[in-house]
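The values are calculated or read from the model by the stated rules, or taken from the named source; none is laboratory data. These numbers were taken from a predicted model, which means no experiment stands behind them. Cβ atoms come from the backbone with ideal geometry, glycine included; neighbour counts cover every protein chain shown. For accessibility, only protein heavy atoms count, side chains too; no ligands or nucleic acids. Shrake-Rupley method; radii C 1.70, N 1.55, O 1.52, S 1.80 Å.
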Amino acid sequence: MVDLAIIGGTGLTSLKNLKISRREVVHTPYGEPSGPLTFGSLCDREIVFLARHGYGHTIPPHMVNYQANLWALKYAGVTRVIAICSVGGIHPGLLPGALVIPDQIIDYTWSRNHTFFEKDLTQVVHIDFTEPYCAEMRSFLIEAAQRAGISLGTEGTYGATQGPRLESAAEINRLEGDGCDMVGMTGMPEAALAKELEFCYAACAVCANWAAGRGEGAIDMAEIKTNLSHSMAQVRLLLEEAIGNS
Ligand code: HPA
């Protein structure tokens with residue numbers, strides 16, 4: 001049974017060193033996941049990989065079926081999830097290329113299916129979300145980074161915006177005032193749904209750019225691509241260190 005999953009975000013639609021054994025299409029009560037689950041071994045450990053935006057990177061953040069993705073992983077027997085997501089840096093220390101393991105999240109998304117607890121209930125369910133991410137998985141990633149000599153921020157608040165457009169400078173000022181250190185479009189409802197399904201779930205955020213109004217002029221998509229391809233090499237190293245020692 002495979003217990004560990006990696007959800008890859010923008011810039012990580014495949015894992016280069018994953019020795020793929022099979023792919024499985026899972027149909028869920030919530031619709032179709034972003035693609036088949038990819039099973040294989042990474043550093044001699046069985047894992048499952050799923051590209052959040054689809055393997056061809058065609059599903060925008062607000063159209064991702066977060067419920068189906070997580071339900072499919074649960075169905076496959078997964079208990080632990082590492083989510084990779086790209087973000088814009090708001091905190092001055094989160095410059096393009098930085099990696100960070102967020103410890104808090106604020107949800108600014110709307111109109112996404114954000115709970116499993118709404119139909120056929122015998123009673124109303126409220127999950128605790130004081131700590132949105134699993135402490136054990138966060139330490140697992142932080143310790144792997146230390147062992148591998150990968151520089152990585154060990155805390156920060158992720159502001160989840162609706163997208164697919166980037167934010168205005170004023171929106172980023174508002175997020176900063178709220179306490180956000182980084183901004184991305186996929187952190188929610190993924191983290192909350194993962195908690196509802198009782199996954200040990202943590203995210204590794206990869207800074208692709210300065211958030212709106214924090215760098216010089218407009219945000220350059222070509223620059224984001226370059227930054228992400230460099231940082232994803234670090235993410236792959238981090239994953240291999242973490243998984244190889246688990
Ligand atoms: N805003 C929202 N999501 C993002 C950004 C951003 O600046 N960069 C990468 N994902």
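Tally Lys and Arg at +1 and Asp and Glu at -1 over the other residues with C-beta under 12 Å from the C-beta of Arg147: what net charge comes out? Net local charge, Arg147 excluded: -3. Using a probe of 1.4 angstrom and keeping all protein chains present, the accessible surface of the chain works out to 46 square angstrom per residue.
How long are the three semi-axes of the equivalent ellipsoid of the range 94-200, in whole Å, if each is the root of 5 times an eigenvalue of the C-alpha gyration tensor, listed from largest down?
Numbers: eigenvalues 133, 88, 21 Å².
Semi-axes (√(5λ), whole Å): 26, 21, 10.
The packing ranking of peptides 178-185, 236-243, highest mean first, is 178-185, 236-243, where packing means the average number of other beta carbon atoms within 10 angstrom of each residue. Our summary gives the chain a relative contact order of 27 percent, counting only alpha carbon pairs under 8 angstrom and 6 or more residues apart.
Which net charge results when you count Lys and Arg as +1 and Asp and Glu as -1 among the other residues whose beta-carbon is under 10 Å from that of Val125?
Values: positive: none; negative: Glu118, Glu196.
Spelling it out: positives minus negatives among the neighbours equals -2.
Please state the shape class of the range 1-145: rounded when a/c is under 1.5, otherwise prolate if a/b exceeds b/c and oblate if not, all from the C-alpha gyration tensor. Rounded is the answer for the range 1-145, as its axis ratio a/c remains below 1.5.
For the chain, a crude dipole built from +1 on the beta carbon of Lys and Arg and -1 on the beta carbon of Asp and Glu, taken about the Cα centre, is about 740 debye to the nearest 20.
Computed over protein heavy atoms with a 1.4 Å probe, the carbon and sulfur contribution to the accessible area of the chain reaches 51%. Placing unit charges on each Cβ (+1 for Lys and Arg, -1 for Asp and Glu) gives the range 4-244 a dipole about its Cα centre, and among Val125, Ser14, Thr154 the Cα reaching farthest toward its positive end belongs to Ser14. Taken over the range 165-216, the convex hull of the Cα atoms encloses 91 Å³ per residue.
The alpha-carbon atoms of the chain, seen along their principal axes, cover 48, 43, 32 angstrom, with the largest extent given first.
Within a straight-line Cα-Cα reach of under 18 Å, Lys74 can be paired with the following lysines, leaving aside sequence neighbours fewer than 8 residues apart in one chain: Lys195. Applying a 4.7 Å Cβ-Cβ cutoff to the chain, the cysteines left without a disulfide-compatible partner are Cys43, Cys85, Cys180, Cys204, Cys207.
Report the trypsin sites (Lys or Arg not before Pro) located in the range 11-43 that are in a DSSP loop and have at most 13 other Cβ atoms inside 10 Å of their Cβ, or state none.
Working: sites: Lys16, Lys19, Arg22, Arg23; in loops: Lys16.
Sparse-neighbourhood loop trypsin sites (Lys or Arg not before Pro): Lys16.
Scanning the chain for long hydrophobic helices, with DSSP H runs required to stretch 15 angstrom or more by C-alpha along their axis and to average at least -0.5 on the Kyte-Doolittle scale, returns 135-148, 221-244.
For the peptides 200-206, 54-60, 8-14, residues were scored by their other Cβ atoms within 10 Å and the scores averaged per peptide; the highest-first order is 200-206, 8-14, 54-60. Remark: the range 128-246 carries a charge dipole of roughly 320 debye about the Cα centre, counting +1 on each Lys and Arg Cβ and -1 on each Asp and Glu Cβ.
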